[in-house]
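First the structure, in the form of structure tokens, and then the observations on it.
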Amino acid sequence: MKLRTPKQIAFISTLVIVLPLAVLYFLIAYLLERDFEIQLLLLFIILASSISYFVISRYIEKFIYSKVKIIYKTIHSFKSQGEKNQLEMSSDVLREVNDDVAEWANEKIKEIKELQSKDDFRKEFVGNLSHELKTPLFSLQGYLETLQDNPNLDTEVRDRFLERALQSSGRLSDLVADLDEISKLESGNVPLQLSRFELITLAKEITESLEKSAGKNCIQLFVKSEPNQEIWVSADRKRIAQVLSNLVVNSINYGQLNGTTKIRFYDMNDTILVEVADNGIGMSKKHLPRLFERFYRVDKSRSRHEGGSGLGLAICKHIIETHNQTISVRSTEEVGSTFAFTLQKA
């Protein structure tokens, strides 16, 4: 429907009111053959049309502007977020209001979609958290109930059940700790302890601490660097150690038998690019955009079997972004994955 201005409405109203009367008067004068009356008719049409147009136009403008002014100012207050806006009465207010309402409606539709997306994410998060908690909790409950119902169990069997119950409770404890960690990172309540440290030394410490775990999957860990090379960066050493550890553990969990995991370094002028690359099972491109989300898993059954909390990569992302740096991933199925992040040079 085409939007009409007050002047257009007044003109149409004038024609509707004056024209029928003029036609009727003209017919009567013509039938009575009174030329003088026809001349008066023309004068009447001009005067009546002018007066009617002026009166109707002013009345409509006053009425419409009084109703629209509040809406117009309200919309502009939303758009400007508190900035003061002057209402130009000489402009085409109705058309401006129409455009503003359309823009406002589009913004609200976008906000609604964003809220729906957040609600879907919340439901998925709660569902994933519930599943993560149930798995070790049910295992722990099962072992304890078995021990309670069978007090005369063989000592070896009892010790094995106690060890598994302890493992399940440890997994629960790790999950709660990771949840607390990521909650603090997201809220910004974890201040960075920036310091200058040597990165290659830290990487070697991480690989040495994880050699036993990697050995169970027959995976070799390497830190690729030049002899006597040193790379100094400015960051939170403890947090970067956490990032490297999470990425290496992830490569071990998804590695191939007799595979390799390599930590490499590249000079990028003001920053150092760190890569953790493996020749494991890899993943398809459809998973990459969501890989750093909490509890997102590519292979749910295998990663749960390995005991991961599903929060490691999300924690890495928040730590690196807290340093005002970037983290990314590239991967190809049956070829391997490479996680890369940057650090500020010291």
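What to note about this one:
- Taking the range 254-263 as the range and being surrounded by 20 or more Cβ atoms within 10 Å (Cβ to Cβ) and outside any strand (DSSP E or B) as the test, the residues that pass are Y254, G255.
Residue-wise test of (1) at pLDDT 70 or above; (2) in contact with a Leu (Cβ under 9 Å, 6 or more places away or on another chain); (3) of a type in the set (D, E).
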{"position": "L115", "(1), (2), (3)": "no, no, no"}
{"position": "D120", "(1), (2), (3)": "no, no, yes"}
{"position": "E132", "(1), (2), (3)": "no, yes, yes"}
{"position": "P136", "(1), (2), (3)": "yes, yes, no"}
{"position": "P151", "(1), (2), (3)": "yes, no, no"}
{"position": "T155", "(1), (2), (3)": "yes, no, no"}
{"position": "R160", "(1), (2), (3)": "yes, no, no"}
{"position": "S173", "(1), (2), (3)": "yes, no, no"}
{"position": "A177", "(1), (2), (3)": "yes, no, no"}
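- Test result for L199, among the hydrophobic types (A, V, I, L, M, F, W, C), surrounded by 12 or more Cβ atoms within 10 Å (Cβ to Cβ) and more than 22 Å from S245 (Cα to Cα): no
- Criterion applied to R302, R294 was being modelled with pLDDT under 85 and over 22 Å from S139 (Cα atoms), and the one residue passing it is R294.
- Test for S331: is it at pLDDT 90 or above and on the phi < 0 side of the Ramachandran plot: yes
- The range 194-224, residues that are of a type in the set (S, T, N, Q) and either modelled with pLDDT of 90 or more or part of a helix (DSSP H, G or I) (or both): S195, T201, T207, S209, S213, Q220
- Subset of the range 143-159 that is surrounded by 10 or more Cβ atoms within 10 Å (Cβ to Cβ) and not aliphatic (A, V, I, L, M) - its residue that is farthest from S169 (Cα to Cα): N150
- Residues located in the range 225-253, provided they are of a type in the set (A, V, I, L, M, F, W, C), touching a residue at least 40 places away in the same chain (Cβ under 8 Å) and in a helix (DSSP H, G or I): I240, V243, L244, L247, V248, V249, I252
The values are calculated or read from the model by the stated rules, or taken from the named source; none is laboratory data. Please read these numbers as outputs of a predicted model, since none were measured by experiment. Every residue, glycine as well, gets a Cβ built from its backbone with ideal geometry; the counts of neighbours run over all protein chains shown.
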